Amino acid sequence: MAIQSSEHIWHNGKLIPWDDAKIHIMSHVVNYGSSVFEGVRCYAPPAGPAIFRAPEHAQRLLDSAKIYRIEHSYSADNIVQAMVDVVGSNGIWPCYIRPLIFRGYGGVGVNPEGCPTEVYIANYSWGKYLGKGNPEDGVDVCVSSWSRLAPNTMPTMAKSGANYMNSQLIKMEAIANGFVEGIALDVNGFVSEGSGENLFLVKGDALLTAPLGNSVLPGITRDCVLKLARDLGITVREQMIPREMLYIADEVFFTGTAAEITPIGSVDRITVANGKAGAITKKLQAEFYGIVNGKVEDRHGWFTPVPVKKPHLAFSS
Ligand SMILES: Cc1ncc(COP(=O)(O)O)c(C=O)c1O
């Protein structure tokens, strides 16, 4: 999908023109994949633009940098403020926000010594990621022939650019075979996650998702769904999920900042129930979309409001 540029990008504490956000091809990140990043949504509830779970995204960004020993001088509060500044100054919402920390241009070796840390935050208009728009319709997915990253190889708790080489393999294979998305198993054959989403399933009256030990990203939408399910009195279990449970589940859905809550209609062409969102998925969607659209009270304090500095620019999504 083509990117719609905005006016400014935040770079190391300053707003710079979009077209000036350039790097040298010999930057460490280009050669060795040394970046960590976030994907964040800013919604447009009636009270005005508001960034969803900004402190949690900022903290995960810093955690990812810490895992990879990428040094920088920013706190989570600094990152939240920078996201607010860039959205407010560009006048684009709802939007997607992309904070990035990477090793820049300096040395040439794998050892990043001498490479400066660069921090950028961009925002741009972006619509639905999976499916065609009706939140009840299930998407068709497959189990990938690619496994998720093995423990103690590439850390999956870090949202690093390099991890997304694995995600690209999963996604491209799924699309080549006529599916919308792929589900990866971990190296032991247990369900892990999608190329860019966590996965939940309903079996009986319990909502299940893989624990972090099954090579999943600690998703922020995953955390929302766990909290909302507990609020609704739904039994929740983080447990290892065998592949075949996907085929006999009552409901299966993806969660993610991009995917939000997307029902899965079939796995490997085996239909999940009637191929549409099931009862528990619908209840969770009603709460989640209610909160992000400003129709249900933000009782967990998930929004960070953006003071408006520039008139709103409308973009098509
Ligand atoms: C591999 C992977 N898993 C899970 C997720 C969902 O995480 P979140 O809900 O924080 O967007 C994402 C998206 O960021 C992802 O890329």
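We did not get these values from a lab; they are worked out from the coordinates using the rules stated. Keep in mind it's a predicted model, so treat the numbers as computed, not measured. Note: ideal-geometry Cβ built from the backbone for every residue, glycine included; neighbour counts use all protein chains shown.
With the highest mean first, a sort of the peptides 61-72, 230-241 on other beta-carbon atoms found within 10 angstrom per residue produces 61-72, 230-241.
The relative contact order of segment 1-146, computed from alpha carbon pairs under 8 Å that lie at least 6 residues apart in sequence, is 30 percent. For the peptides 81-89, 266-274, 209-217, the ranking by packing is 81-89, 209-217, 266-274, with the highest mean count of neighbouring Cβ atoms within 10 Å listed first. If you look at the Cα atoms of segment 113-204, you get an Rg and a Dmax of 15.8, 55 Å. The tail of the calculated P(r) for segment 1-62, taken as Cα-Cα distances beyond 13 Å, holds 77 percent of the pairs.
Dividing the convex hull volume of the alpha carbon atoms of segment 160-317 by its residue count gives 152 Å³ per residue. The value for segment 27-173 of Rg(Cα) / (2.2 N^0.38 Å) is 1.17.
Listed cross-link partners Lys14/Lys171; Lys14/Lys227; Lys66/Lys309; Lys128/Lys203; Lys283/Lys310 are compared with a 29 Å cut-off, the Cα-Cα value being larger for Lys14/Lys171; Lys14/Lys227; Lys66/Lys309; Lys283/Lys310. Taking R0 as 22 Å, what's the FRET efficiency between Asp63 and Asn152 from their Cβ-Cβ distance, rounded to 0.05? The calculated FRET efficiency here is 0.80. Rg/Rh for the chain to two decimals, with Rh computed the Kirkwood way over all alpha-carbon pairs. Across the chain, the Cα-based Rg/Rh ratio is 0.96.
When the chain is treated as a GNM with alpha-carbon contacts under 10 Å, the residue of His300, His11, His57 showing the greatest mean-square fluctuation is His300.
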